[in-house]
Amino acid sequence: MKFLVRERVFDIGDDFWVTDENDQRVFWVDGKALRLRTTFELRTPEGEVLTRIRKKLFKVRDQMAVERDGSTVATVRTRLFNPVRDKLNVAIDDGHDWEVSGDFLSKEYVISDREGTVAHVSRKWFRLRDTYAVDVNTHRRDIGGDPALVISVAVAVDALTGDDGD
């Protein structure tokens, strides 16, 4: 299932819709401006908070936590001593860890685990600037029912790898 992200998430305070392939609004990403640390909330179209994505402060390597109901369900981390920065690690609280690899600035990367592809993120499919797709592998039972987690990880990857000068 493809989800379309239509706005940039490189700046704190950005809000944007995530739609499905039929252009239906599925998630609202609410960027929280004027916070000490970068924070986003993934919400339903009705406003219910599904996940909170926050940058962890004072860590040796950059990382963002994805929280659900007050508990961390995933942590996205840059690799220590990786000058190319072409891979990130995602520690999943109750599952297999994920690896994110590819070209982050061009929005061409894959999220995978030892079972295979979790999602493919690509800007190639669109001519519109600042639009990219997150194609969630719905054949995977373990993640097929939780696209909110996959979208949250993509938002965290954007925040950690964006060209905003952080």
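Can you send over the carbon and sulfur percentage of the accessible area for region 86-141, probe radius 1.4 Å, protein chains only?
The C+S portion of the solvent-accessible surface of region 86-141 is 43 percent.
If you rank LYS107, LYS55, LYS124, LYS87 by how much accessible surface each has, with a 1.4 Å probe, what is the order from largest down?
Ranking LYS107, LYS55, LYS124, LYS87 by accessible area, largest first, yields LYS124, LYS87, LYS55, LYS107.
Calculate, for ASP86 and GLU46, the FRET efficiency according to 1/(1 + (r/R0)^6) with r their C-beta to C-beta distance and R0 30 Å; round to the nearest 0.05.
Here the calculated transfer efficiency is 0.20.
If I model a spin label as a point 7 Å beyond the Cα along the Cα-Cβ vector, how far apart are those points for LYS56 and ARG114 in nm?
Spacing of the two 7 Å Cα→Cβ label points: 2.1 nm.
The values are calculated or read from the model by the stated rules, or taken from the named source; none is laboratory data. Model, not experiment: these values are computed from the prediction. All Cβ positions, even for glycine, are placed from backbone atoms using ideal geometry, and neighbour counts span all protein chains on display. Just the protein is used for accessible areas: all its heavy atoms, side chains included, with ligands, DNA and RNA removed. Shrake-Rupley method; radii C 1.70, N 1.55, O 1.52, S 1.80 Å.
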